[in-house]
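Here's the structure, in structure tokens; my notes come after.
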């Protein structure tokens, strides 16, 4: 009974207040780490921030708990947007006070980058302490968990976040699902889905951490890489997995967990696209594997031809090039951005530079719907491919009538149109953000790469796709704010933001 009352009290609170309280309590983890490593300034800073934030959140919760709350899912969507805008300011307070050599705007942009699972490196390597690296990885990990939960509890019922292409309903409108979602309001659904998914997310992170430590990584290095893999943020405390002591075996383990970013069916079946069909029949998963295989073979052939012209062909070099391409392609397709150490070895083997444009394209495609991956999403790409294939068939057979089975009927009816609309909105957002960044003084190439980085939530693109790494710390304050806003748009997606601006939906 007590547990039921606690859950009832939590569901009566605004979603943003609950997130604020949890964020404040999570600061105790870096405070404990700093105390163990004898970084007492960081320990005090995070401890004081945790206490202050928790007390303020508790007081607000008590003040508003007696007020009647709206049960509309759109309110939760608005709270989700508020979380990505406002919570990084709360997270930036201990970060700014611990570092002491940066502005609050830079600290805020760093936290936005982490919380949106972008992982764009703002500070040069060696400037941050181990505790701050832990905080960066932890913030990204919490952002990934939030997206896992919000996808099923907030976005799916509103046909947003990729679910709009599999439904006949208009994006943003609410329809009640099946099972417990038919009987539960949005707040109760949030609690129940959290109880279902949080143990899975924590368990997978712990398992990957244990494997990486067992393969030779330091505990902090393994933990940050584990959290970055599950959240697809690409954050590292040592400059990437290529520098990790776990080596090739560690990359194999990380690649196995990166598969979670290709389809939600790899870890859950709690959404409208999560059917009971086998994973091998999931279009997202099959398309993702096809892209990984196809691009890997293309890159391998490219490096092989370059090595052949230099008379440097060898079995060992060929296998290294093959694995380096496969791991890096999978990493950027899931918008993680880890680069294999063999990715660099393949370049030395063939004397060919990396294909930054190809990595940009992979990041733009992105991973699966309702995963932590960003980008356009594999399901939308699949729907557009199916629509294009059918239109080509109709050019040959104008009277063709295709078979309509299961979800394919709804995809052909409205899904392709909605996917095309989203793609156009994504391209328009990309152009507007690139122009805005260029107006702050950046050259065109840098502005374009930063725009793709933000909208696809793939921070490592700044070093992997550019000829020279783009120094974020040298950006002007307007450029940092524009980049932060672009990362929030890329994480929440433009359709969800448009839904919030539609007056008709507020009256629903």
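None of the figures in this text is laboratory data; all of them are computed from the coordinates on show. All figures in this text were calculated on a predicted structure; none of them were measured in a lab. Counting neighbours? That spans all protein chains shown, and the Cβs are built from the backbone with ideal geometry, glycine included.
Which distance in Å, rounded to a whole number, links the C-alpha centroids of the range 419-466 and the range 236-252?
Taking the Cα centre of each part, the range 419-466 and the range 236-252 sit 28 Å apart.
For a footprinting-style exposure proxy, rank 100, 196, 302 by other Cβ within 10 Å, fewest first.
Listed from fewest to most nearby Cβ atoms, that is 100, 196, 302.
What's the exposure ranking of 147, 424, 462, going from fewest to most Cβ atoms within 10 Å?
Lowest to highest Cβ neighbour count: 424, 462, 147.
If I take every Cα pair under 8 Å that is 6 or more residues apart in the range 438-497, average their sequence separation and divide by the length, what percent do I get for the relative contact order?
Relative contact order, the range 438-497: 38 percent.
Please report how far the C-alpha centroid of the range 142-157 lies from that of the range 71-140, rounded to the nearest whole angstrom.
18 Å
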